[in-house]
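Novice: The structure that follows is given in the form of structure tokens.
What follows is calculated from the coordinates using simple rules that are stated; it is not laboratory data. Note that the coordinates shown come from a computational prediction; the quantities given were computed from them, not determined experimentally. When we count neighbours, we look across all protein chains shown, and the Cβ atoms used for this are built from the backbone with ideal geometry, even at glycine.
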Amino acid sequence: YARVPASAFGLSVSLEELALGVGFGLGLSVLNTAASVVAETVGYAPSAEFRGLLAPESARGWLLLLGGTLPLVAVFEEALFRATLIGAFTVGFGASPWALAVISSAAFALAHEVQGPAGVAVPGLLGFVLAAGYIVTGSFLVVAVAHYLVNAVEFIAYEGLELRG
């Protein structure tokens, strides 16, 4: 209907993109952890309360979180904030992908407002880095895998894999 080709969304799959997504995600996880530590040292706990509410208390819960919820969150958010707001809008409206990256990152940050001020700032920064990764690689898979890993590593690092039942 919008005459935007599927290729504008960066929909392709290759082992190279998967590997790049894993590397990008692990690097972003380090950045995310560092930003969280800095935020905590200046008096903000970015998402501890919210993350604690979502943290599983059983092996089944961790399986559902890591194998179901977090992949869905990463795919949905990347489809909206990167593939649509950057990829499709760049092609459909002829807009600058970098200008759209700024808009997309601001929207992504505001979508995390439940996590407090640092929970808006950190996702805003990460959102822009993910947007840059999407623009540079043109790959939805790269940013979806990276996003998933950032979320998964954060949960595992801060909430631990408590397998009680």
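Novice: Looking at the P(r) of the stretch 88-165, how many percent of alpha-carbon pairs lie beyond 15 Å?
Specialist: Within the stretch 88-165, distances greater than 15 Å cover 64 percent of Cα pairs.
Novice: When 1/r is averaged over all different Cα pairs and the result inverted, which Kirkwood radius in Å belongs to the stretch 27-97?
Specialist: Kirkwood radius, the stretch 27-97: 14.9 Å.
Novice: While we're here: Take every Cα pair under 8 Å in the chain that's 6+ residues apart, average their separations, divide by the length, and report that relative contact order as a whole percent.
Specialist: 42
Novice: How far is it, in nm, from the label point at GLU113 to the one at GLU49 when both lie 7 Å from their Cα along the line to the Cβ?
Specialist: Label at GLU113, label at GLU49, 1.6 nm between them.
Novice: Using label points projected 7 Å from each Cα along Cα→Cβ, tell me how many nm separate LEU63 and VAL42, to one decimal.
Specialist: Reported label-point gap for LEU63 and VAL42 is 4.3 nm.
Novice: For every other residue with a beta carbon closer than 9 angstrom to the beta carbon of ALA144, add +1 if it is Lys or Arg and -1 if Asp or Glu, then tell me the sum.
Specialist: -1
Novice: Report, to the nearest 10°, how far helix 140-159 tilts away from the longest principal axis of the Cα atoms in the chain, using its own Cα long axis and a range of 0 to 90°.
Specialist: 10
Novice: Tell me, what is the Rg over Rh of the chain, with Rh the Kirkwood radius over Cα pairs?
Specialist: 0.99
Novice: Please give, to one decimal in nm, the separation of the simple spin-label points placed at VAL73 and LEU15, each 7 Å out from Cα toward the Cβ.
Specialist: Going by the 7 Å Cα→Cβ label model, 3.1 nm.
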